[in-house]
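I have placed the structure first, in the form of structure tokens, so that the comments after it can refer back to it.
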Amino acid sequence: MIFSYPEPRHERTHGPLGYSSYRSFRPWLRDEFIFRCVYCLKREMWGQVTCEFDLDHFEPQRLSPKKELDYFNLVYACRRCNAVKGGAQLEDPLILLTSENVVVSPDGMLVSEVASVKRLIRQVDLNSPRLLRWRTMWMRIVDLAVERDSVLASQLIGFPDELPDLAKLHPPDNSRPEGVEKSWYAKKQQGRLPAYY
Ligand SMILES: [Zn+2]
């Protein structure tokens, strides 16, 4: 299901360190968060691919300036969610937004019984009327594509053609070097990339 959150909760695969600009973390974050927004699950392939995703400082720079270049404080987020979040301090979406905590109803509504999850959904306005329409529209589009057009389906819910080759990046340091072998590019090279995700 295209709007299912990760299960179990997301544990970081990568740990690059030492870049002098947070923008250098982009290929790592794209790979880490499977080319979609951690908040609303919008996929890169659903838009114009470039310039629609931000690197969100989870703890805002204003409150935690020392974490500006901390990989573990960065998440991949679409423009919309990053803008709605703004400088707010939230509880960690990687802990809260899991399939165990959130289900998507057929009308596109995110439903949770957990108070902290409900609060996060409210704070990022994930159940706005526009997002409900957007979710139901994409569920229908993807269903139709899977049923009738496998090439289109792989464009919509497959991996982007251009996957970051993390082995070529050489950050100043890396606390989880073994993650590179688990990257989506490496899986593709090994013929283990799933058709859909
Ligand atoms: Zn989003």
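The table below gives the values:
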item	result
Sole exception among (1) surrounded by 13 or more Cβ atoms within 10 Å (Cβ to Cβ); (2) under 25 Å from A195 (Cβ atoms) for L110, by number	(2)
Search result, residues across region 42-58 that are among the acidic types (D, E) and over 21 Å from N73 (Cβ atoms)	E44, E52
Subset tally (residues that are more than 14 Å from the ligand (Cβ to nearest atom) and more than 15 Å from the chain's Cα centre (by Cα)) for region 52-84	12
Subset of region 12-29 (residues that are charged (D, E, K, R) and free of Cβ contacts under 8 Å to residues at least 60 places away in the same chain)	R23, R26
Close pairs from region 158-173: first surrounded by fewer than 18 Cβ atoms within 10 Å (Cβ to Cβ), partner of a type in the set (A, V, I, L, M, F, W, C) and modelled with pLDDT of 95 or more, Cβ under 6 Å, at least 6 apart	P160/F35; A167/V180; D173/L17
Scan of region 1-49 for residues that are within 16 Å of the ligand (Cβ to nearest atom), more than 9 Å from the chain's Cα centre (by Cα), in a loop (DSSP other than H, G, I, E, B) and not aliphatic (A, V, I, L, M), ordered by number	F3, S4, Y5, P6, H10, G47, Q48
Scan of region 105-128 for residues that are touching a helix residue (DSSP H, G or I) at 6+ places or on another chain (Cβ under 7 Å) and not in a loop (DSSP other than H, G, I, E, B), ordered by number	L110, S116, V117, L120
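To keep it simple, each residue is scored yes or no on (1) in a loop (DSSP other than H, G, I, E, B); (2) within 20 Å of F33 (Cα to Cα); (3) at pLDDT 95 or above.
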{"site": "R140", "(1), (2), (3)": "no, no, yes"}
{"site": "Q155", "(1), (2), (3)": "no, yes, no"}
{"site": "F159", "(1), (2), (3)": "yes, yes, yes"}
{"site": "L163", "(1), (2), (3)": "yes, yes, yes"}
{"site": "A167", "(1), (2), (3)": "no, yes, yes"}
{"site": "G179", "(1), (2), (3)": "no, yes, yes"}
{"site": "A186", "(1), (2), (3)": "no, yes, yes"}
{"site": "L193", "(1), (2), (3)": "yes, yes, yes"}
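The values are calculated or read from the model by the stated rules, or taken from the named source; none is laboratory data. Being a predicted model, the structure only gives us computed values, none of them experimental. Glycine gets a Cβ as well: all are built from the backbone with ideal geometry, and neighbour counts include every protein chain shown.
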